[in-house]
Amino acid sequence: MTTPAHPAVRRQSPAGGDGIAHATRDIRAELDRVEGQLEDWSRSTNPLTAEVSRYVLRKKGKRLRPALVLLTSRLFRAASEEDVFLGSLVELIHTASLIHDDIVDKAETRRGAESVHRRWGANVTVLLGDYLYIKSIGLSLESRHDRIIKLLADVSARMIEGELDEYALGGDLGITEEQYFGVIEKKTASLFAACCRIGAVLGGAAPEEERSVAEFGRSLGLCFQVTDDLLDFTGSELSLGKPVLSDLAEGRVTLPLIRALSADGRPHREKLEGLVGRRDISSAERSRLLEILTAIGALAYTEAKAREFTERALASLAGFADSGPRRALAELARFVLDRTC
């Protein structure tokens, strides 16, 4: 495992910003239609609802979750109109979760722009998050697959439960790795796995095939969140679209800090504890923190965990015949590991 050359800068990846665009090149037309569907859903007779919905849905993220639905379904059969509809729907659920995340964390930025919480205040933010979740479940009833409707309802509940678990553990330096992974399993990995299950159901996959792609999604989601938590320490504000150490400032104790405290962090415990929940961490304090985490091996350990989940994800694809969708899914897994934003 290679530790970043400078403790304050994560290594640059060959995948870069274009990695996901390359991996999803064969489904670009479908992803464009996802954008159109999200734009349609942002319309409302209520001017405020329409304004805020357009604001959150126009801020394009990576659209990883719709891509997983589209690519997984293509493992088994040609694309269909329902793929685009359900790909759009999982992005709507994801957006609702981000809105709730931001208000719980009092986050001021999201994807390089003002968060809904910052721009419209707590009342509007809570209501919009609820509106999008309820709208998502209502739209899911249009699916002809009862299992998909149940999947979407179940994963929405799990994600909210994960948010509650994370809130309960906020600021607790005694959090264990097991508790940490339990939270990110619910908050992040469960939706990745559900996206792949939805694609499998749409494609008419056999039960064992569905289990394999669900495990791919779960492992990919765990890698995504572990990498996200690492980048909060080692990334840059420009690439992340939000301040560095924002998790720490919001009281979230993530894997690098958990590892540092459990491995050899006792001499630094008071120093580390004093940074949790602070929003005024200086550049000098950040540099010292990264020096400590690097010296203890916490950053390298976190990166190794992310790589381990990537390897599990790729192993889950081993039973599928070589094809464009299979290669694209593998490419997505490598992008998630190596991304810098």
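Values in this text are rule-based calculations from the coordinates and carry no lab data. Source: prediction; values computed, not measured. Cβ sites come from the backbone with ideal geometry, for glycine too, and all protein chains shown count toward neighbours.
Along the axis of the charge dipole computed for the stretch 19-338 (Cβ charges of +1 for Lys and Arg, -1 for Asp and Glu, origin at the Cα centre), the listed residues Gln225, Ile281, Ser236 are led at the positive end by Ser236.
Once you wrap a convex hull around the alpha carbon atoms of the chain, what is its projected area averaged over all directions, in nm²? Let's see the in-between values first.
Working: hull surface 64.7 nm².
Mean projected area for the chain: 16.2 nm², to one decimal.
How many angstrom separate the Cα center of the stretch 104-177 from the Cα center of the stretch 262-341? If we compute the Cα centre of each part, the gap is 23 Å. Take every pair of alpha-carbon atoms less than 8 Å apart whose residues are at least six positions apart; their mean separation over the length of the stretch 225-341 yields a relative contact order of 33 percent. Here the contact order of the chain, divided by its residue count and restricted to Cα pairs under 8 Å and six or more residues apart, works out to 24 percent. Summed over qualifying helices (DSSP H, 4 residues or more, each -39500 (n - 2.57)) and divided by its residue number, the chain shows a 222 nm mean residue ellipticity of -22000 deg cm²/dmol. Each of Ala318 and Ala168 was given a label point 7 Å from its Cα along the Cα-to-Cβ line. The distance between the two points is 3.7 nm. Principal-axis analysis of the Cα atoms of the chain puts helix 298-316 at an angle of about 20° to the longest axis. Listed peptides 46-53, 293-300, 190-197, 253-260 appear in the order 190-197, 253-260, 293-300, 46-53 once ranked by packing, highest mean of other Cβ atoms within 10 Å at the front.
Helix 190-203 and the longest principal axis of the Cα set of the chain meet at an angle near 20°. In this simple spin-label model, placing a label point 7 Å from the Cα along the Cα-to-Cβ direction at both Lys106 and Ala284 gives a separation of 2.6 nm.
Each Lys and Arg Cβ is given +1 and each Asp and Glu Cβ -1; about its Cα centre, the chain then shows a dipole of about 540 debye. Between Tyr180, Ser212, Leu202, the Cα set farthest toward the positive side of the dipole of the stretch 136-229 (charges on each charged residue's Cβ, about the Cα centre) is that of Leu202.
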